[in-house]
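Below is one structure, written out as structure tokens; comments come after it.
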Amino acid sequence: MIPLLQHSNIPTAEAEADADRLPHPTRPNWLWRSLQVILRIVFIVWLRYRVRGLKHLPPEGGGLILVNHQSFLDPLLVQLGMSRPVSWIGRENLFRVPLIGWIIRKTYSMPIKRESGGTAIIRESVRRMQHGFLVGIYPEGTRTSDGSVGPFKPGFVAMIRRGKLPVYPVGIAGAFHALPRGAWFLRPRKVRVVFGEPIPFEELEPLCARGREDELVQLAHDRVSAAKSEADEWLKSRRS
């Protein structure tokens, strides 16, 4: 949850309502905008960062962004070209790190407990999507060990079922080499990000039926993999 200021003279009911209030889903706050400006300069110069397919994102309205997970850079790379914020789901221990935890909370992220994650984060994700946020997750569940797109965990299926909103597949290439597992410093490698065509809920709805979860997971995996393959080809192109 995003922390809000509370005053001792506010009645309990009003304080609880205030805590449940969400910020505007398409108007980023000052911290988000400031970080975007700074990181855009750094990544364009150091990583020769490029992005395509932003036209597939709506100017408003909620949805679920599914991204292949290459490195800790991924949420920054996805958001760099966007004009609206993404509410990311991240590991709870990151939120306890001084300064970093404050930054990710203030930039709309949500903590998930790996040992109990489940229903609470699903409810909050759906609430934010229905409020108009784009919620971002990594369905692989962890960073890749070799740069490829790994198997998807099915946890996001419940978000699609309850949210009844589009899915936006995103593919990242190059970040695995720029900041691989165990690396402490950002390497000067090219990075490309591709936003694939959205999957409307009308296409997803039949696969939300009980017993068809595997088909839904496979569809999502195929679309993210296609976006990632396009990013790979773009990365190799001489005109990139």
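Checking each residue in region 26-53 for being surrounded by 13 or more Cβ atoms within 10 Å (Cβ to Cβ), among the hydroxyl-bearing types (Ser, Thr, Tyr) and either part of a helix (DSSP H, G or I) or touching a Lys or Arg at 6+ places or on another chain (Cβ under 6 Å) (or both) picks out only Thr26. Might you let me know whether region 195-213 holds any residue that is under 21 Å from Leu80 (Cα atoms), touching a Lys or Arg at 6+ places or on another chain (Cβ under 8 Å) and not in a loop (DSSP other than H, G, I, E, B)? Within region 195-213, one or more residues are under 21 Å from Leu80 (Cα atoms), touching a Lys or Arg at 6+ places or on another chain (Cβ under 8 Å) and not in a loop (DSSP other than H, G, I, E, B). Scanning region 184-202 for residues that are surrounded by 13 or more Cβ atoms within 10 Å (Cβ to Cβ) and either among the charged types (D, E, K, R) or out of contact with any helix residue (DSSP H, G or I) (no Cβ under 8 Å at 6 or more places or on another chain) (or both) yields Arg189, Lys190, Arg192, Glu197.
With respect to Ile100, is the statement that it is surrounded by 17 or more Cβ atoms within 10 Å (Cβ to Cβ) and modelled with pLDDT under 95 true? Criteria not met by Ile100.
Criterion first (surrounded by fewer than 20 Cβ atoms within 10 Å (Cβ to Cβ) and on the phi < 0 side of the Ramachandran plot) does Gly171 satisfy it? No. For region 54-64, residues that are surrounded by fewer than 20 Cβ atoms within 10 Å (Cβ to Cβ) and either small (Gly, Ala, Ser) or in a strand (DSSP E or B) (or both) total 1.
Listed by position, the helices (runs of 4 or more DSSP H) inside region 65-169 whose residues that are of a type in the set (Ser, Thr, Tyr) and farther than 27 Å from Leu31 by Cβ number at least 1 are 118-131.
The residue list Gly117, Gly90, Gly61 contains one member that is within 25 Å of Leu219 (Cα to Cα), modelled with pLDDT of 95 or more and either out of contact with any strand residue (DSSP E or B) (no Cβ under 6 Å at 6 or more places or on another chain) or not hydrophobic (A, V, I, L, M, F, W, C) (or both), which is Gly61.
The values are calculated or read from the model by the stated rules, or taken from the named source; none is laboratory data. In this text the structure is predicted, and so the values were computed from the model without any measurement. Here the Cβ is made from the backbone with ideal geometry for all residues, glycine too, and neighbour counts use every protein chain on show.
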